[in-house]
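Step one of this worksheet: look at the structure below.
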Amino acid sequence: MAARTLSENETAPPRWRSLIMAGVATLVSLAILIALGSWQLQRLAWKEGLIAQIEARAWGAPGEILPEAQWDGFSRDAQEYRRVRVTGSYRFADEVAVHGLLPGETRGQPLQGYYLLTPLVLDTGAIVVVNRGFVPTPLLSEAARPEGAVTVEGLVRGSEARTAFVPENDPAADEWFTRDLAAIADARGLERVAPFYVDAVLDADAPAPWPRGGATVLAPSNNHLQYAFTWFGLAAVLVAVFGVFSWKWMRGRAA
C-alpha cells in the first residue's frame, strides 16, 4: 500500500512546540537552582556569624549572667553563647527531661536519652533553668542530683523553638521534645524565670558520669559554600544542555 501523504489542509505537528516546552522547563528549573544557591549563600552568612559569636563568647573566663532587672530586654544576638557562672540550689521536683540524642556514642550511632532541664533557684529567689546535660534512657533515675548550693559553669542559650519535624511538647503527659522555657515554666508553675537557660559545659571531674554536660556544639559544620557552588554549577550545566538542544533543533529545522 502506498504511504499516505499529507493533504494541503493537514499540517505536521509544529516543531517549535518542543523548543518552547524545553525552554519553559529550563527557565523554571533554572529559577529553582538559582534560588537554592542564593539560599545557601544566605545560610553561609548566618553560619559565619554564628561561628564568630561562639569563638568570641564561649571561651575564656566565665562572667555573670544578665541581672534579673534586665531580663525583659534579653537579646539572643547580644547574649547567646556567653560563658557564665551561676550559683544556686537545684529544684529537682520541677526538673524536665527533654527527649534527645547524644551523637556517635554507640559505634557511630546516636545514643537515645534525655537532656535534664532543672530550675536553679538563685539567692534572690529568681530562677535560671540549667540544662545539666544528657543521660541515657535506662539511666535516667541514676542521674546525679546534688543537694545544696552548687555553682554551674555554662553557656547562655535562648529558648528553643519547635521545628517542623519535631513533635509538640505534651506537658500533661510530661513528654518534652524542645527546650521551651515558657512552656516549662507554665507547666511547673514557676515564676521569675530567666528568658534564657544555661547549658552546662562538660565537667571532666564530675563525680558521676551522668548527666553529661556540653550539649552546645562549639564547632558547627559549615558546608554552605560548597552547597551553593553545587546548585549554581547545576544551573550552569542546565543552561549548557539547553544551549546544545536549541542548537540541534535549529539545525534540524534548517535541514
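Observations on the structure shown:
- Residue list for the range 163-186, restricted to those being out of contact with any strand residue (DSSP E or B) (no Cβ under 9 Å at 6 or more places or on another chain), farther than 14 Å from His99 by Cα and not in a loop (DSSP other than H, G, I, E, B): Ala172, Asp186
- Thr5 vs. criteria of a type in the set (Val, Ile, Thr), at pLDDT 95 or above and not in a helix (DSSP H, G or I): no
- Test set (1) surrounded by 14 or more Cβ atoms within 10 Å (Cβ to Cβ); (2) touching a Lys or Arg at 6+ places or on another chain (Cβ under 8 Å) - Glu168 fails condition number: (1)
- Test: residue in the range 131-150 that is among the β-branched types (Val, Ile, Thr), crowded, with 19+ Cβ neighbours inside 10 Å and either within 19 Å of the chain's Cα centre (by Cα) or assigned to a loop (DSSP other than H, G, I, E, B) (or both): no
- Residues that are over 30 Å from Ile127 (Cα atoms), in a helix (DSSP H, G or I) and either out of contact with any Asp or Glu (no Cβ under 6 Å at 6 or more places or on another chain) or of a type in the set (Gly, Ala, Ser) (or both) do not occur anywhere in the range 187-210.
- Qualifying residue in the range 187-209 (condition: under 16 Å from Leu117 (Cβ atoms), loosely packed, with under 14 Cβ neighbours inside 10 Å and among the aliphatic types (A, V, I, L, M)): no
- Selection status of Ala208, among the aliphatic types (A, V, I, L, M), at pLDDT below 90 and over 25 Å from Arg83 (Cβ atoms): no
- Where strands (runs of 3 or more DSSP E) sit wholly within the range 83-122, those with at least 1 residues that are modelled with pLDDT of 95 or more and charged (D, E, K, R) occupy 83-90.
The values are calculated or read from the model by the stated rules, or taken from the named source; none is laboratory data. Just so you know, these numbers come straight off a predicted model, no measurement behind them. Cβ: placed from backbone, ideal geometry, glycine included. Neighbour counts: every protein chain shown.
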